[in-house]
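What follows is a short report on a single structure.
Each reported figure results from applying straightforward, stated rules to the coordinates on display, with no laboratory input. This one's a predicted model, so the numbers in the text were calculated from it and none came from an experiment. Backbone-built Cβ (ideal geometry, glycine too); neighbour counts: all protein chains shown.
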Amino acid sequence: MIREQTVERERAALMRNYGRYPVEFVRGEGAWLFDPDGRGYLDCMSGISMINAGHCHPDVVAAIREQAGVLINTSNLYYTDPMIELAEWIRDTSMGGRVFFCNSGAEASEAALKLARKHGGPGRTEVVALVDGFHGRTMGALSMTGQPGKQEAFRPLVPGVVHVERNDHEALRSAVTDRTCAVALEIVQGECGVYPLEDSFVRLARELADQSGALLIVDEIQTGMSRTGPLYAYQDVGIEPDVMCLAKSLGGGFPIGAITARPGVDEVFQPGDHGSTFAGSPLACASALAAARALDDAALQGHVRREGACFLAGLQALVDDGLAVEARGRGLMCAIDLPGTNAAEVVGTMLDRGFLVNNTSPRTIRFLPPLVVTGDELSSVLAALRDVLAS
Ligand SMILES: Cc1ncc(COP(=O)(O)O)c(C=O)c1O
């Protein structure tokens, strides 16, 4: 439910860029969100993969409380320890290189783009990205995003971005040249409807980047933090990026973004090249450290792989029974395509029944539950979905 006046007040006070679902939340715990009446909704979105550790994870809450009472922010003019500790954690769990902090996913994409442009120099200004890919909505990130519908009103964009279809090996081969400064991709394209890239395509991107001297940027903003099973989705593919982008669940719900680059490439940014007043604050980093420690956990990752496989099998059963046409997923990042264009309606009915899912297109429903969701809870999602699709 929504409290009286909430919709009117929102319409009068906020710009119209979001289409919100007709529900208001006042509290969260684990995989559940609660409306003002105390009704619980099983969250299968995690704030678009932003709260993988679950709502109000006790360690995240304790870390925020403790840090907020001590030091919130200082800007980057000074040294603070939580920032260094989080950077060490990111470095040591990924490619072993240094870290740059920012405040969101789009900012991480911007930082990666600027780093690649500086690394490439004046003769290498092109970026190869993927059709349907999503890297954020600020101008550089939007330019890498391969979705004309989101770009149209904002042209001219940053020039030099070439988009190729996912898994089109030949198109990728011809797109990467000695003018390419970076190849940018998500291991599983999330925003467009959960399309895992073929491992061989990602490996080809790695090879072509190596051959041409371009950087491979892997956007783990949605796939990272154990969403697909491993801590970072690239770890299951057997390649290493030159640059990795993180945001969303890194912060445990608190805004933070980061890029890390492999040793050598992590020296591209020099004083004055890039920065952010807020970024790397003790508060954001304390929250992120608590979330990171909760998510970098072999037992949890095993749970994600097991329950993800089971959930995907359940979605596939809906396909086998003719209620849907395709199921896709990796770990707890899944989607199902419907035979018709009624996905928004199905999402609405699921909401009425107390399940939060979203549709990425008129045909596609996406599932991104907090990783602490139980097998029984996921079974209840499948049962409700079957019922809704069959009716
Ligand atoms: C893969 C990917 N990159 C970048 C972004 C942008 O992140 P933010 O909304 O924090 O700017 C998103 C957000 O959905 C994303 O899924």
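Worth a mention:
- Residue pairs whose Cβ atoms lie under 8 Å apart, sitting 6 or more positions apart in sequence or on different chains, and linking a residue in segment 62-83 that is more than 14 Å from Ala288 (Cα to Cα) to a partner that is aliphatic (A, V, I, L, M), are Leu71/Leu283; Asn73/Leu283; Asn76/Ala279; Thr80/Leu71.
- Glu88 fulfils the conditions (1) touching a residue at least 12 places away in the same chain (Cβ under 8 Å); (2) of a type in the set (Asp, Glu); (3) not in a strand (DSSP E or B) except for a single criterion, (1).
Results for (1) in contact with a strand residue (DSSP E or B) (Cβ under 7 Å, 6 or more places away or on another chain); (2) among the small types (Gly, Ala, Ser), shown as yes or no for each residue.
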position: Gly38; (1), (2): no, yes
position: Gly54; (1), (2): yes, yes
position: Pro58; (1), (2): no, no
position: Glu107; (1), (2): yes, no
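- Odd one out for Ile187 among (1) of a type outside the set (S, T, N, Q); (2) within 12 Å of the ligand (Cβ to nearest atom); (3) out of contact with any helix residue (DSSP H, G or I) (no Cβ under 6 Å at 6 or more places or on another chain): (3)
- Evaluating Lys114 against the criteria (1) touching a residue at least 24 places away in the same chain (Cβ under 8 Å); (2) more than 16 Å from the ligand (Cβ to nearest atom); (3) in a helix (DSSP H, G or I); (4) surrounded by fewer than 18 Cβ atoms within 10 Å (Cβ to Cβ) leaves one unmet condition, (2).
- For segment 72-83, a residue qualifies if it is part of a helix (DSSP H, G or I) and surrounded by 13 or more Cβ atoms within 10 Å (Cβ to Cβ), and the qualifying residues are Pro82, Met83.
- Counted residues, segment 50-65 - those being part of a loop (DSSP other than H, G, I, E, B) and closer than 12 Å to Leu371 by Cα: 6
- Candidate set from segment 132-152 (those that are within 9 Å of the ligand (Cβ to nearest atom) and among the hydroxyl-bearing types (Ser, Thr, Tyr)); member that is surrounded by the fewest Cβ atoms within 10 Å (Cβ to Cβ): Thr138
- Strands (runs of 3 or more DSSP E) contained in segment 207-262 and holding at least 3 residues free of Cβ contacts under 8 Å to residues at least 24 places away in the same chain: none
- Of the criteria (1) in a loop (DSSP other than H, G, I, E, B); (2) out of contact with any Asp or Glu (no Cβ under 7 Å at 6 or more places or on another chain), which one Ala324 fails: (2)
- Whether a residue is hydrophobic (A, V, I, L, M, F, W, C), touching a strand residue (DSSP E or B) at 6+ places or on another chain (Cβ under 8 Å) and either surrounded by fewer than 24 Cβ atoms within 10 Å (Cβ to Cβ) or not in a strand (DSSP E or B) (or both) was assessed, and Val162 passes this test.
- In the condition set (1) surrounded by fewer than 24 Cβ atoms within 10 Å (Cβ to Cβ); (2) under 19 Å from Ile84 (Cβ atoms), Met244 is compliant with all but (1).
- Counting only residues that are over 23 Å from Ala111 (Cα atoms) and either without any contact (Cβ under 8 Å) to a residue 24 or more places away in the chain or assigned to a helix (DSSP H, G or I) (or both), segment 182-206 holds 5 of them.
- Residue match in segment 267-281 (condition: in contact with a Ser or Thr (Cβ under 7 Å, 6 or more places away or on another chain) and surrounded by fewer than 21 Cβ atoms within 10 Å (Cβ to Cβ)): yes
One line per residue, one yes/no per condition, for (1) more than 15 Å from the ligand (Cβ to nearest atom); (2) closer than 21 Å to Leu216 by Cα; (3) surrounded by 24 or more Cβ atoms within 10 Å (Cβ to Cβ); (4) not aromatic (Phe, Trp, Tyr):
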position	(1), (2), (3), (4)
Thr93	yes, yes, no, yes
Arg98	yes, yes, no, yes
Phe101	no, yes, yes, no
Ser104	no, yes, no, yes
Ser109	no, yes, yes, yes
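- Residues of segment 355-376 satisfying the condition of being surrounded by 17 or more Cβ atoms within 10 Å (Cβ to Cβ) and either basic (Lys, Arg) or farther than 21 Å from Gly190 by Cβ (or both): Arg363, Arg366
- Checking each residue in segment 27-51 for being free of Cβ contacts under 8 Å to residues at least 60 places away in the same chain and under 24 Å from the mean Cα position of the chain (by Cα) picks out Arg27, Gly28, Glu29, Trp32, Phe34.
- Residue in segment 31-49 that is part of a loop (DSSP other than H, G, I, E, B), within 22 Å of Gly190 (Cβ to Cβ), touching a Ser or Thr at 6+ places or on another chain (Cβ under 6 Å) and within 16 Å of the ligand (Cβ to nearest atom) present: no
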